[in-house]
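Worksheet for the structure shown next.
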Amino acid sequence: MNLLGISGPEPAEAICSRKGCRNRATTQLLWNNPKIHTPERRKIWLACDEHAAWLEDYLRGRSLWKETLPMTSEGRA
């Protein structure tokens, strides 16, 4: 049941953003492309334990990475 008291489908399980991976996400990687986003905007990639470091390195190498956070039971930090 949601906050309005309406029953509905359960939210989909968060999965890793790495191409071809279907594992459950455990980490959020917050990023921003300063060429196209305002400074406060944060995009989110989700990562499983296996791909979190790879995705963070990818974002850092392009100067896009902002923060890495664990997933919470609600899905977002």
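Read-outs: derived from the displayed coordinates by stated rules, not from any lab. These numbers come from a predicted model, not from an experiment. Because the Cβ atoms are built from the backbone with ideal geometry, glycine has one as well, and the counts that use them run over all protein chains shown.
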**Request:** Give just the number: which of (1) farther than 18 Å from Ala14 by Cα; (2) in contact (Cβ under 8 Å) with a residue 40 or more places away in the chain; (3) aliphatic (A, V, I, L, M) does Leu69 not satisfy?
**Result:** (1)
**Leu30 surrounded by 18 or more Cβ atoms within 10 Å (Cβ to Cβ) and either free of Cβ contacts under 8 Å to residues at least 24 places away in the same chain or of a type outside the set (Val, Ile, Thr) (or both)** = no
